[in-house]
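*Asks:* Sharing a structure, written as structure tokens. Questions coming.
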Amino acid sequence: MRLNKSKKIFAVVLAVFLLAGIFFLARLDFLAMKPSSPQSATPDSRNFTGQTGGAADKSNLIRLDSPQANQVIHSPLTITGQARGTWFFEASFPVILTNWDGLIIAQGIATAKSDWTTEDFVPFEAVLEFDENQTYSNRGFLILKKDNPSGLPEHDDALEIPVLIGAAELLNVNVQTETSKPQVIGGDKDAGGCLIGAGYSWCEAKQACIRVWEEYCTAAIPRTAVFNCAGAKTITATFYPADDKFVDLNLGDDRKLSVPRAISAFGARYAKADESFVFWNKGDTAFITENGVETFSNCVIKN
């Protein structure tokens, strides 16, 4: 009887150990399935060119001949360039023009001008018609999206460049109403005396020459915060609480950009129209994602 009782006790203990082992292995499988935190991109993986106006370099996939970044555009706008055949589907891909806050004001289709069933570069052309009279700002973004018939997000891609929508008309208004400002000299300066070739334009609200893709033109009082991030990176963010449509960012890698406010379920979120660059801020913390990768992480306000 004692032997049978010992066997029963041993069987119970063995069963308990087996159950504990199964639970432990299941827990390991669950942890392995959890997505890991995104890795910070290395400097080599984030190349930038003047053509993209600060967007990730796509020159090996698509090249825009006209218009160029920060160029004044008018309706109808003819868009030309070359893209690899893999950018097209059925010889076309979507083209979108957004205004300062990311609202679509024109969209159309770019079509291949030669056989697109290749991995080589293929010339394309598109024409957009739009309203040049923008109420708050004349800056916008031209977005050339890779055609993605699968609908899978991992196959999405886009080239985005900043443009000035009907800016020449706005400058003409300044010439007529602000007679005290210097006139255009040799075509190199605007009505406010700002160097057009260097990308500057006159901001009446700030009474200064600014680059509109780097700095928001507003009379609102700025509030600046400096964030220290992982990897000795820094973000200097300038907010405009009374006119919270943009945040101006000065990044530790010498990039400067002004990003429009976007919808957010928590905190303050500022994002480009194609979501290729997103700045999040909640309280004393912040982080930045670029093309889905967290490039500035664990950022806290410097004391």
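The numbers here are math on the coordinates, done by the rules we state, and not lab data. Since we're looking at a predicted model, the values are computed, not measured. Cβ coordinates were reconstructed from backbone atoms using ideal geometry, including for glycine residues, and neighbour counts include every protein chain displayed.
*Asks:* Under the rule a/c < 1.5 gives rounded, and otherwise a/b versus b/c splits prolate from oblate, where does the stretch 214-303 land using the Cα gyration tensor?
*Replies:* In terms of gyration-tensor shape, rounded.
*Asks:* Taking the Cα centre of the stretch 59-119 as origin, sum charge times position over the Cβ atoms of Lys and Arg (+1) and Asp and Glu (-1), and report the length of that vector in debye to the nearest 20.
*Replies:* Once rounded to the nearest 20, the dipole reads 100 debye.
*Asks:* Volume per residue, Å³, of the convex hull around the alpha-carbon atoms of the stretch 80-130? Can you show the working numbers first?
*Replies:* Working: hull volume 3.8 nm³, N = 51.
So the per-residue Cα hull volume is 75 Å³.
*Asks:* Further, regarding this structure: By the gyration tensor of its Cα atoms, with a ≥ b ≥ c the square roots of the eigenvalues, what is the shape of the stretch 253-303: rounded for a/c under 1.5, prolate for a/b over b/c, or oblate?
*Replies:* Oblate, since a/c reaches 1.5 and b/c is not below a/b.
*Asks:* Would you mind giving the three semi-axes, in whole Å and largest first, of the ellipsoid equivalent to the stretch 56-165 according to its Cα gyration tensor? Show your work: numbers first, answer last.
*Replies:* Numbers: eigenvalues 116, 41, 29 Å².
For the stretch 56-165, the ellipsoid semi-axes come out as 24, 14, 12 Å.
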